[in-house]
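Asker: Below are the structure tokens for one structure; questions will follow.
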Amino acid sequence: MPIISIEGPSAPTIRRIAEIITGEGGRAYLVGGWVRDRIINPEQDPEDADIEVFGIAPEKLREVLTKNFKCNLYGKSFQIIGLSEHNIDVAIPRRELKTGSGHTDFDVQGDPEMSLSEAAARRDFTVNSIYARIPDGLIEDPFDGMVDLRSKILRHTTNRFTEDPLRVLRAMQFSARLGFRVHEDTVALSRTLTQKDISRERLFDEWKKLILKGNDFQLGLGFLKDCEWLRFYPELQELDHCDQDPEWHPEGNVWTHTLHCLNAFAKIRTGDEWENLVIGFAVLCHDMGKPKTTIVENKRIRSPGHARKGVEIARSFLHRLTNHKNLIAEVLPLVKDHMTPLEFHQNKAGDSAIRRLAGRVKRIDRLVKVATADKGGRPPLPWKFPLPEGEWLLARAEELAVKDSTPKAILMGKHLLEIGHHPGPQLGEILKAAYEAQLDGGFNDVEGGLEWIRAQDS
């Protein structure tokens, strides 16, 4: 059998765990993403490690690990031991016996004497069912995951795949992340499943991984279409039935365009997770208004007002995925204004318009990235980052100090009180009017603002 090297920042801790377990008569194996990613790229240092332990009772495993590490217990019936100072989870093999229709309706039973093949059978995909013995790295591969890795295929391990329908979305995001095609048998099996009993939190977790880690969205979201799970996302399904003008969109319909846009977004992602989430979901949702607004006029296909129309459609889509109000609130303005950088550049928009745009979208640099991904979603037409209109808008926003923030109000209540105004509702109205004047360039410092106030009072 082949061997992989157990190296990287977490390797000393992994070996120490194995040493402790071996001393108690057990056997320790790395399994899952750590093994998969090291085989794909031996130079890669995976962030997280999952260790499965055979031959030790759960109580004994908890005892020996808590003596040597700071540990947290979690998972159904506390079957998983997390090393709180390391990205390492340790567990014994376990059986999950289905007791109902919900995703939590399982009776979890740990079995340290389970065979490795039986333990591997409960895992989702063959490429995640490859075991590496610690410390020597000897591979055990009961479901030929190595073959599928070489062929870049994502295949379910056994029909137990159906016990957790969330695995369909795991296939979606793994396919996009790894660039693997989902095997036709797994596609067919996925068609028989439904997401109706899956919580929003679990759904969102897989979509979040897609946005943050996906590279080939045509593979990942293409699988979702192939297995007919777009029926749970009608806002996306409608994109696949909406044509575009071939002169401006030679790539095809809105669905195809959106997938290309997401691939373009993946090329300009940064290390900031929150920014990537906001921008990525905005790119996913940016053209959701087109199916409701597309018309054929003089033999040309147009979608007037699609950006504004798409806001409520995107809101509905995101609300079914997550209750994260801040995320939704920051994505929707980008959907509404995703055409604005080009419009402002063409019309040479003034300072006031740019300040107001910053107030609407919170960060103009975000909006430029959404617009860039939009332009990048039209192959074979060329694109680059930043766009000419994006460079122009970023430069103007930098001059106005609103590139990555909303315009800050110069005048505050205390300033009005200092010049004799009295507390009350009227004070808020005056400040609101002053802020509008500030956006219009009426003043740019406190003294100028107070002069503007005095002029209104006179």
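Asker: Taking into account only those residues within the stretch 128-167 that are farther than 30 Å from Ser199 by Cβ and in a helix (DSSP H, G or I), which is most open to solvent (accessible area, probe 1.4 Å)?
Answerer: The selected residue is Arg150.
Asker: Separate question: Yes or no: Leu277 aliphatic (A, V, I, L, M), surrounded by 15 or more Cβ atoms within 10 Å (Cβ to Cβ) and more than 30 Å from Gln438 (Cα to Cα)?
Answerer: The answer is yes for Leu277.
Asker: I'd like to know if the stretch 242-264 contains one or more residues that are more than 17 Å from Gly377 (Cβ to Cβ) and not hydrophobic (A, V, I, L, M, F, W, C).
Answerer: no
Asker: Determine, yes or no, whether Pro42 is out of contact with any strand residue (DSSP E or B) (no Cβ under 7 Å at 6 or more places or on another chain), of a type outside the set (D, E, K, R) and under 30 Å from Ser151 (Cα atoms).
Answerer: Here the answer is yes, as Pro42 does meet what is asked.
Asker: Right, here's the next one. Checking Ala349 against (1) open to solvent by less than 30 Å² (accessible area, probe 1.4 Å); (2) within 30 Å of Phe217 (Cα to Cα); (3) assigned to a loop (DSSP other than H, G, I, E, B), which test does it fail?
Answerer: Looking at each condition in turn, Ala349 falls short on (2).
Asker: Consider Asn263 carefully, then state whether it is closer than 21 Å to Glu201 by Cβ and in a helix (DSSP H, G or I).
Answerer: No, not satisfied.
Asker: Can you pull out every residue in the stretch 364-374 that is within 22 Å of Gly289 (Cβ to Cβ) and in contact with an Asp or Glu (Cβ under 9 Å, 6 or more places away or on another chain)?
Answerer: Selection gives Ile364, Arg366, Leu367, Val368, Lys369, Val370, Ala371, Asp374.
Asker: Taking the stretch 39-49, which residues are open to solvent by 10 Å² or more (accessible area, probe 1.4 Å) and not polar (S, T, N, Q)?
Answerer: Ile39, Ile40, Pro42, Glu43, Asp45, Pro46, Glu47, Asp48
Asker: Out of all the residues in the stretch 309-365, which are over 24 Å from Leu230 (Cα atoms) and of a type in the set (Val, Ile, Thr)?
Answerer: Once the filter is applied, which keeps residues that are over 24 Å from Leu230 (Cα atoms) and of a type in the set (Val, Ile, Thr), the stretch 309-365 yields Thr340, Ile354, Val361, Ile364.
Asker: Report yes if some residue within the stretch 367-377 is outside any helix (DSSP H, G or I), among the basic types (Lys, Arg), open to solvent by 40 Å² or more (accessible area, probe 1.4 Å) and at pLDDT 90 or above; otherwise report no.
Answerer: no
Asker: Can I ask one more? In the stretch 56-74, which residues are open to solvent by 80 Å² or more (accessible area, probe 1.4 Å), out of contact with any Asp or Glu (no Cβ under 9 Å at 6 or more places or on another chain) and more than 15 Å from Gly25 (Cα to Cα)?
Answerer: Lys67, Asn72
Asker: Okay, moving on. In the stretch 191-249, how many residues are part of a helix (DSSP H, G or I) and either open to solvent by 70 Å² or more (accessible area, probe 1.4 Å) or of a type outside the set (Val, Ile, Thr) (or both)?
Answerer: Number satisfying all stated conditions: 36.
The values are calculated or read from the model by the stated rules, or taken from the named source; none is laboratory data. All values reported here derive from a predicted model rather than from experimental measurement. Cβ coordinates were reconstructed from backbone atoms using ideal geometry, including for glycine residues, and neighbour counts include every protein chain displayed. For accessibility, only protein heavy atoms count, side chains too; no ligands or nucleic acids. Shrake-Rupley method; radii C 1.70, N 1.55, O 1.52, S 1.80 Å.
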